[in-house]
Structure formats: C-alpha cells, structure tokens
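What follows is a set of notes on a single structure, which appears directly below.
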Amino acid sequence: MNKKKKIVTIMLYLFLSIGAFFSIYPVYFMFVAATKSSGEIFMNTPPIFFGNYFFENLNSLNNRIPIWTALFNSIKVSIIFTVLNLLLCSLSGYAFAKFDFKGKNFLFTCVLLSMMIPVYSRLIPLYRMMTFANLQNTHIALILPGLAGAFGVFLMRQNFLSIPDALIEAARLDGASEIYILFKIV
C-alpha cells in the first residue's frame with residue numbers, strides 16, 4: 001500500500017471514528033444520566049461516569065408513570081401489529097403478483113398512489129373513524145389504521161414476482177391450496 005493510500009485510509013477512519021463518537025455519545029449520556037441525581041445531570045460539565053442513583057431513579061419513574069405497563073403494552077401492540085401486517089401484506093402482495101383479475105393494475109396503482117397521501121392529512125379522518133367505531137383509547141385503534149400498508153404490499157409483491165410461476169403451477173397440479181402454496185412453498 002503506497003503512502004498516499006495509507007494517509008487517505010487513516011483520515012477516513014479518523015472521520016468515521018469522530019462520526020461514531022457523536023452518534024453514540026447521546027445514548028451513552030442517557031445511560032449515565034439515568035444513574036445520576038437531578039442536580040448532577042444539570043451541572044455545567046456533563047457527567048461522564050456512572051453514578052449510584054439508578055434504582056432510586058427507576059423507582060421514581062415507576063411511581064410517576066406505570067413504565068412496566070407501558071412497556072408491556074408497547075410490546076403487545078408491536079407484536080400483534082407485526083404479525084397481522086405480515087399476514088395481510090403477504091396475502092395482498094401474493095394476489096397482486098400471482099393472480100390475474102380484472103382491475104388488478106388499477107387497484108395496484110391505487111395502492112401505490114396511497115403512499116403519496118401525507119400522514120398528517122389522514123389523522124383527523126382516522127380519529128373520526130375510530131370515534132365513530134367507539135375505539136378510542138384502545139389498542140385496536142393503534143393497530144387497525146396501519147395494517148396492510150402500501151409499502152408492505154409493494155415489497156411483498158416485488159418479492160413474490162421473483163418466484164417462478166412454474167413452481168406455483170407444479171404445486172397447484174399436485175393439489176395444493178393457495179394458502180398452502182403461499183405459506184409452505186412461497
């Protein structure tokens with residue numbers, strides 16, 4: 001390796017190391033601040049080393065906010081949303097990729113065009129729909145609006161287009177149902 005390439009490599013690693021430090025430091029500071037008292041956190045120089053107040057801070061947080069309930073609810077909603085979203089996006093992506101039906105291209109174009117609608121323009125209509133369905137303050141109101149999103153349908157369709165039609169036709173000739181083909185073969 002010549003001298004110029006070595007200098008460029010060293011400068012690159014130096015630049016990447018500085019970038020990594022600035023990316024990781026806020027996360028490190030969050031963990032350090034969780035172990036400090038309020039007075040120590042807001043000192044002129046930010047704390048660098050861990051303190052001794054972690055369990056007191058955790059207990060105080062749990063008294064103010066039911067943090068374990070919130071964590072459980074977040075995990076529950078995310079698991080249910082992920083499973084249902086994968087199921088619905090797989091079904092619709094498979095239908096768009098492997099079935100021929102009237103209006104398929106128009107419907108898929110509508111799905112793609114729905115990605116152009118800004119999220120904020122959907123908030124009030126979604127709120128009104130959830131209120132009309134009497135689903136305010138429920139987990140269902142968090143899960144339903146995002147199910148079978150256009151991007152997931154698009155990604156699943158593109159993935160299923162890469163699977164040869166001959167494989168699916170062979171499974172159909174062997175008597176496999178479409179659900180079996182989707183979940184076991186594809």
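Cα centroid distance between segment 84-107 and segment 115-186, in Å?
When both Cα centres are located, 8 Å separates them.
For Lys184, go through the lysines and keep the ones whose alpha-carbon is under 23 Å away, minus same-chain ones fewer than eight residues off.
Within the straight-line limit of under 23 Å, Lys184 reaches these lysines: Lys98.
Can you work out ³J(HN,Hα) from phi for every residue in segment 33-44, in order, using Karplus 6.51 cos²θ - 1.76 cosθ + 1.60 and θ = phi - 60°, giving whole Hz and x for Gly and Pro?
Ordered by residue, 3J(HN,Hα) equals 5, 5, 9, 10, 7, 4, x, 6, 5, 9, 6, 4 Hz.
Which one is right for this structure if Rg/Rh (Cα atoms, Kirkwood Rh) is calculated from it: (1) 1.01; (2) 1.15; (3) 1.40?
Recomputing Rg/Rh (Cα atoms, Kirkwood Rh) here gives the entry labelled (2).
Since every read-out is calculated from the coordinates, none of them should be taken as a lab result. This is a predicted model, so every value here is computed, not measured.
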